[in-house]
Amino acid sequence: MNPSAQIDIDAPLAVVWDVMTDTGRYGEWNPFVERAETAQPAAVGNPIVLHVVWANGRRTRSPERITALEGPTTDPVSGTTTALMSYVYEGLPARLGLVRGVRHQRLTQHPGGPTTYDTVEEFSGPLVRLAGPGRVADGFRRHAEGLRQRAEREASSRREG
């Protein structure tokens, strides 16, 4: 099972991207990843340590490495704008070949429509069930809702400002 979440956000994709990539402010809005430590600005190849909060309140650190950071680009024919951030899990289970995980966070906005945030963790390895795909999916849903709320507030304040 690959945990995933999807949500529509009533904000321009560029605003959602700004919120998503401002890892230093995750603690202000993200109930799943309360902190993300990485060099700023974020770049492909950089290590990133995610400070995860599970639904039961327990916390853990997840060492990752950024593998894709593709800022907003608009297709000249369709007018659809997309962006992508991905990172790979680098904890001990991954180094031992027991659990591998790659998380993708995609943004898509068709002309005149909302921004769709879509995230999935592609798990592999013999101990995937120990990674807790169900609790990861719950975290992704909480993350997506937090992102929606923050980006919509940010878009609203930019329109007013």
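Within segment 70-95, residues that are without any contact (Cβ under 8 Å) to a residue 40 or more places away in the chain sit with their Cβ atoms under 8 Å from residues that are crowded, with 18+ Cβ neighbours inside 10 Å and among the acidic types (Asp, Glu), at 6+ positions apart or across chains, in these pairs: TYR87/GLU64; VAL88/GLU64; TYR89/GLU64.
Residues that are in contact (Cβ under 8 Å) with a residue 24 or more places away in the chain, surrounded by 13 or more Cβ atoms within 10 Å (Cβ to Cβ) and either touching a strand residue (DSSP E or B) at 6+ places or on another chain (Cβ under 6 Å) or of a type in the set (Asp, Glu) (or both) within segment 15-31 comprise VAL16, TRP17, ASP18, THR23, listed in sequence order.
Counting residues in segment 60-73 that are within 22 Å of VAL15 (Cα to Cα), modelled with pLDDT under 95 and among the polar types (S, T, N, Q) gives zero.
Checking ARG129, ARG135 one by one, the residue that is in contact (Cβ under 8 Å) with a residue 40 or more places away in the chain and open to solvent by 50 Å² or more (accessible area, probe 1.4 Å) is ARG135 and no other.
The values are calculated or read from the model by the stated rules, or taken from the named source; none is laboratory data. No experiment lies behind these values; they were computed from the predicted model shown. For neighbour counting, all protein chains shown are included, and Cβ atoms are generated from backbone atoms with ideal geometry for every residue, glycine included. For the accessible areas, the whole protein counts, side chains as well, though only heavy atoms, and no ligand, DNA or RNA atoms are used. Shrake-Rupley method; radii C 1.70, N 1.55, O 1.52, S 1.80 Å.
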